[in-house]
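Trainee: First, the structure itself, so that you have it in front of you.
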Amino acid sequence: MATHDFAAQELHAHAAPQGFIRKWVFSLDHKVIGLQYYFLALAAVFVGMFLSLLMRIHLIWPTAALPLLGDIKPETYLTLVTMHGTIMVFFVLTTAPQGGFGNYFLPIQIGAPDMAFPVLNMLSFWTTFLGFVVMIAAFFVAGGAPLHGWTGYAPLSALQSAGPGEGLGADLWIISIAIFCIGALMGALNFITTTLDMRAKGMTMMRMPLTVWAWFVTAILGLLAFGVLLSAGILLLMDRNLGTSFFVPLVTINGQLTGHKGGSPLLWQHLFWFFGHPEVYIAILPAMGMCSQLLSVFSRKPIFGYKAMVYAILGIGFLGFMVWGHHMFMSGMSPYTAFAFSIMTMGIGVPSAIKTFNWLGTLWGGRIRFASPMLFAIGFVSLFVSGGISGPFLAQPVLDIQLHDTAFVPAHFHLIMGVASIFGIFAATYYWFPKMFGRMMNESLARWHFFISLIGTYAVFMPMHYAGMAGQPRRYSQFTEVHYLAGLIPLNKFITFAAFVTIAGQLIFVVNLFWSVFKGPKASDNPWEATTLEWTTATPPPHDNFGGHTPVVHNGPYEYNVPGAPRDYVMQNDPEIKAAH
């Protein structure tokens with residue numbers, strides 16, 4: 001039951017801030033906080049892309065000396081792998097879809113004037129920002145950034161003497177992730193409370209847009225998963241600095257006993273992946289909701305199987321906590337345990353397949369408008385399916401043991417989790433930019449950006465699957481001298497050159513984004529002729545979102561082509577039209 005009519009209205013009826021600091025820096029307005037998250041993620045994604053570029057250069061020219069950076073040593077390469085993965089997963093894929101677009105649009109889409117806890121919202125962003133600063137600081141301390149991989153496996157990550165970068169740099173890495181977890185937990189509480197308590201009159205749960213459902217379930221996943229990672233990080237810091245032995249067994253380093261005994265490196269793996277697999281869905285669920293929204297809007301059709309889509313999101317969230325062991329088939333687990341995790345992993349493909357077929361059902365017979373948001377939504381479906389097909393292979397222990405330490409695995413998760421989620425972010429940017437900034441983005445540049453990104457992504461990650469099946473190992477900094485991999489050198493050169501082009505293509509997006517903020521043509525209040533509540537308010541939305549007039553919802557979120565309606569879409573706050581669908 002929405003409580004919009006009483007407490008929420010009074011709580012947020014505060015005047016818009018006047019000063020620059022209160023309005024744009026330490027803002028309580030969910031829209032400004034959403035933009036802060038978005039631009040933080042934009043900065044982080046370029047750091048992450050630059051690190052991946054250095055990795056690709058080193059893999060095909062291992063002896064090259066780069067300007068300002070010199071030659072890349074093997075341990076430096078491992079540092080690049082670690083920091084690229086960490087920055088991309090935490091500060092891009094988790095931050096932009098949920099913190100950015102979720103913060104900006106969830107309250108507007110449910111008819112709320114703000115988030116439930118505005119101060120907590122502000123704190124969650126600045127905590128995340130602090131985490132990012134601490135992460136970047138790891139590059140500049142003595143010993144440099146850590147080399148233990150983004151998964152931070154013990155005992156490599158648990159011993160200061162384990163290698164270069166495993167001193168202060170590794171401490172900063174763990175502290176950064178712990179800070180990020182605190183920010184994510186604050187954000188998750190806010191999202192859940194806002195969705196349950198702040199809905200406008202008439203906005204039942206089954207009238208919420210699928211974007212809101214996705215953000216809501218993602219917040220529940222975050223609340224359950226980030227607490228586990230935070231606890232694991234604290235224990236790891238204690239192992240490193242206080243002499244405890246949670247993750248370190250009796251082990252020798254360089255012939256010297258470490259003074260630890262009784263710990264279990266597998267405990268770290270279980271704690272990390274109990275967070276790590278839900279994290280995959282934290283990254284992809286908002287993009288799924290976004291895709292569902294856009295396919296309906298630009299096909300001019302109601303979403304195919306709305307309730308099935310809602311239950312599929314809930315099913316993915318529930319099953320996502322039961323499959324973490326498939327990351328650990330190589331750890332020597334019991335075959336019976338591996339079998340159970342394998343079955344659950346195959347099972348989670350069912351709600352994903354339901355969503356995919358419903359997306360195709362939405363497109364089927366629609367009057368499709370191929371605007372740039374729609375192109376990226378279709379690209380998302382393509383990448384999600386292509387990346388998902390390799391998942392069942394890795395779900396089989398007998399196959400995963402062969403493929404696990406090869407390039408096949410990075411190829412799989414980059415397609416389905418990495419670039420698919422990024423395509424969701426691009427789709428959301430092109431779709432909501434008019435509402436956020438009051439201007440349209442350049443459609444021609446957007447199309448160039450789309451085709452370069454889609455073709456470039458497939459050119460990078462499809463060959464990587466083949467390299468993995470041919471036995472190319474992951475995390476090796478150099479294999480140009482390895483005889484059995486000599487035949488893969490031309491393939492790796494092709495991947496690297498494709499990465500150059502794909503990364504260059506992202507500059508088109510940046511130019512389009514910043515040029516359009518200032519110079520783009522003025523946007524109307526509802527340029528896409530969509531039905532959800534954000535398109536009923538002014539552009540950009542006022543401080544309290546609806547100018548003091550709380551909307552009353554009479555219709556579902558995807559009412560297109562309703563018989564008897566005066567136009568081909570019915571807004572959620574339009575008077576109800578009785579029609580048989």
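Trainee: Tell me, please, whether a residue that is outside any loop (DSSP other than H, G, I, E, B), within 22 Å of His327 (Cβ to Cβ) and out of contact with any Leu (no Cβ under 8 Å at 6 or more places or on another chain) can be found in region 244-266. Lay out the reasoning, then the answer.
Mentor: To start, the set of residues in region 244-266 that are outside any loop (DSSP other than H, G, I, E, B) comprises 252-253, 256-257, 265-266.
Checking the rest, the ones that are also within 22 Å of His327 (Cβ to Cβ) come to 265-266.
Add one more test, that the residue is out of contact with any Leu (no Cβ under 8 Å at 6 or more places or on another chain), and what stays is 265-266.
Within region 244-266 (the criterion being outside any loop (DSSP other than H, G, I, E, B), within 22 Å of His327 (Cβ to Cβ) and out of contact with any Leu (no Cβ under 8 Å at 6 or more places or on another chain)), the answer is yes, since at least one residue qualifies.
Trainee: Now a separate question. Kindly indicate the residue of region 157-177 that is out of contact with any Gly (no Cβ under 7 Å at 6 or more places or on another chain) and assigned to a helix (DSSP H, G or I) and also nearest to Asp405 (Cα to Cα) among those meeting that condition.
Mentor: Filtering first and then ranking leaves Ser157.
Trainee: Let me ask something else about it. Output the number of residues of region 544-566 satisfying the condition of being at negative phi and either buried (at least 17 other Cβ atoms within 10 Å of the Cβ) or not in a loop (DSSP other than H, G, I, E, B) (or both). Walk me through how you get there before you give the answer.
Mentor: Our first condition is that a residue be at negative phi; within region 544-566, this holds for 544, 546, 549-560, 562-563, 565-566.
Subset that is either buried (at least 17 other Cβ atoms within 10 Å of the Cβ) or not in a loop (DSSP other than H, G, I, E, B) (or both): 544, 546, 550-551, 553-560, 562.
So the count comes out to 13.
Trainee: Another question about this same structure. Starting from residues that are open to solvent by less than 40 Å² (accessible area, probe 1.4 Å) and assigned to a helix (DSSP H, G or I), keep the ones in region 440-456 and report whichever is farthest from Gly520 (Cα to Cα).
Mentor: Only one residue fits best here, namely Gly456.
Trainee: So is Ala200 under 16 Å from the mean Cα position of the chain (by Cα) and over 30 Å from Leu159 (Cα atoms) or not?
Mentor: On the way: under 16 Å from the mean Cα position of the chain (by Cα): no; over 30 Å from Leu159 (Cα atoms): yes.
Taking the combined requirement at face value, the residue does not satisfy it.
Trainee: Among what's in region 464-514 and is of a type in the set (Phe, Trp, Tyr) and open to solvent by 20 Å² or more (accessible area, probe 1.4 Å), pick the residue that is nearest to Phe39 (Cα to Cα). Let's see the steps before the verdict.
Mentor: Looking only at region 464-514, we keep the residues that are of a type in the set (Phe, Trp, Tyr), and these are 466, 476, 479, 484, 494, 497, 500, 509, 514.
Filter again for open to solvent by 20 Å² or more (accessible area, probe 1.4 Å), leaving 466, 476, 484, 494, 497, 500, 514.
Numbers: Tyr466: 35, Tyr476: 33, Tyr484: 44, Phe494: 32, Phe497: 28, Phe500: 23, Phe514: 11 Å.
The selected residue is Phe514.
Conditions tested, residue by residue: (1) among the hydroxyl-bearing types (Ser, Thr, Tyr); (2) under 30 Å from Ala312 (Cβ atoms); (3) open to solvent by 40 Å² or more (accessible area, probe 1.4 Å); (4) in contact (Cβ under 8 Å) with a residue 24 or more places away in the chain.
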position	(1), (2), (3), (4)
Ala219	no, yes, no, yes
Val228	no, yes, no, yes
Ser245	yes, no, no, no
Val248	no, no, no, yes
Gly262	no, no, yes, no
Pro265	no, no, no, yes
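Trainee: Only one of (1) part of a loop (DSSP other than H, G, I, E, B); (2) open to solvent by 30 Å² or more (accessible area, probe 1.4 Å); (3) not hydroxyl-bearing (Ser, Thr, Tyr) fails for Leu235. Which number is that?
Mentor: (1)
Trainee: So, one more: For a quick check of your reading of the model, give me the residue pairs whose first member lies in region 426-444 and is closer than 12 Å to Lys519 by Cβ, whose second is among the hydrophobic types (A, V, I, L, M, F, W, C) and assigned to a helix (DSSP H, G or I), with beta-carbon atoms closer than 6 Å and at least 6 apart or on different chains.
Mentor: Phe437/Val517; Met441/Phe433
Let's see how each residue does on (1) surrounded by fewer than 16 Cβ atoms within 10 Å (Cβ to Cβ); (2) in contact (Cβ under 8 Å) with a residue 24 or more places away in the chain; (3) outside any helix (DSSP H, G or I); (4) out of contact with any strand residue (DSSP E or B) (no Cβ under 9 Å at 6 or more places or on another chain):
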| residue | (1), (2), (3), (4) |
| --- | --- |
| Leu28 | no, yes, yes, yes |
| Val32 | no, no, no, yes |
| Phe39 | yes, no, no, yes |
| Val45 | no, yes, no, yes |
| Phe50 | yes, no, no, yes |
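Trainee: Would you tally the residues in region 347-375 being open to solvent by 10 Å² or more (accessible area, probe 1.4 Å) and either in a helix (DSSP H, G or I) or touching a Ser or Thr at 6+ places or on another chain (Cβ under 9 Å) (or both)?
Mentor: Residues meeting the conditions: 20.
Trainee: Further, regarding this structure: Is one or more of the residues making up region 63-84 surrounded by fewer than 19 Cβ atoms within 10 Å (Cβ to Cβ), of a type in the set (S, T, N, Q) and free of Cβ contacts under 8 Å to residues at least 60 places away in the same chain?
Mentor: Initial filter on region 63-84 (surrounded by fewer than 19 Cβ atoms within 10 Å (Cβ to Cβ)): 63-71, 73-75.
Okay, now just the ones that are also of a type in the set (S, T, N, Q), so 63.
Filter once more, keeping what is free of Cβ contacts under 8 Å to residues at least 60 places away in the same chain: 63.
There is at least one residue in region 63-84 that is surrounded by fewer than 19 Cβ atoms within 10 Å (Cβ to Cβ), of a type in the set (S, T, N, Q) and free of Cβ contacts under 8 Å to residues at least 60 places away in the same chain.
Trainee: Is it the case that region 376-393 has a residue that's touching a Leu at 6+ places or on another chain (Cβ under 6 Å), surrounded by 21 or more Cβ atoms within 10 Å (Cβ to Cβ) and within 30 Å of Asp29 (Cα to Cα)? Give the steps one after another, and end with the answer.
Mentor: Quick first cut of region 376-393, residues touching a Leu at 6+ places or on another chain (Cβ under 6 Å) only: 377, 379, 383, 386-387, 393.
Now drop any that are not surrounded by 21 or more Cβ atoms within 10 Å (Cβ to Cβ), which leaves 377, 379, 383, 387.
Applying the additional criterion that residues be within 30 Å of Asp29 (Cα to Cα) yields 377.
Yes, that holds for at least one residue.
Yes/no matrix, rows are residues, columns are (1) closer than 30 Å to His148 by Cβ; (2) out of contact with any Phe, Trp or Tyr (no Cβ under 9 Å at 6 or more places or on another chain); (3) modelled with pLDDT of 95 or more; (4) aromatic (Phe, Trp, Tyr):
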site: Leu196; (1), (2), (3), (4): no, no, yes, no
site: Trp213; (1), (2), (3), (4): no, yes, yes, yes
site: Gly233; (1), (2), (3), (4): yes, yes, yes, no
site: Ile253; (1), (2), (3), (4): yes, yes, no, no
site: Gln256; (1), (2), (3), (4): yes, yes, no, no
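Trainee: May I ask you to say which residue of Gly102, Gly149 is under 30 Å from Thr193 (Cβ atoms), out of contact with any Asp or Glu (no Cβ under 8 Å at 6 or more places or on another chain) and of a type in the set (Gly, Ala, Ser)? Spell out how you get there, then give the answer.
Mentor: On the way: Gly149 fails: under 30 Å from Thr193 (Cβ atoms).
So the residue among Gly102, Gly149 that is under 30 Å from Thr193 (Cβ atoms), out of contact with any Asp or Glu (no Cβ under 8 Å at 6 or more places or on another chain) and of a type in the set (Gly, Ala, Ser) is Gly102.
Trainee: In contact (Cβ under 8 Å) with a residue 60 or more places away in the chain, of a type in the set (Val, Ile, Thr), on the phi < 0 side of the Ramachandran plot and open to solvent by less than 10 Å² (accessible area, probe 1.4 Å) - does that describe any residue in region 122-142?
Mentor: Yes - at least one qualifying residue is present in region 122-142.
Trainee: Here's another thing I want to ask about it. From (1) open to solvent by 40 Å² or more (accessible area, probe 1.4 Å); (2) farther than 28 Å from Gly152 by Cα; (3) under 21 Å from the mean Cα position of the chain (by Cα), pick out the condition that doesn't hold for Phe274.
Mentor: Tallying (1) open to solvent by 40 Å² or more (accessible area, probe 1.4 Å); (2) farther than 28 Å from Gly152 by Cα; (3) under 21 Å from the mean Cα position of the chain (by Cα), Phe274 fails exactly one: (2).
The values are calculated or read from the model by the stated rules, or taken from the named source; none is laboratory data. If you're wondering where the values come from, they're calculated on a predicted model, not measured in any experiment. Positions of Cβ are generated from backbone atoms using ideal geometry, with glycine treated the same way; all protein chains shown enter the neighbour counts. Only protein heavy atoms, including side chains, enter the accessible area calculation; ligands, DNA and RNA are left aside. Shrake-Rupley method; radii C 1.70, N 1.55, O 1.52, S 1.80 Å.
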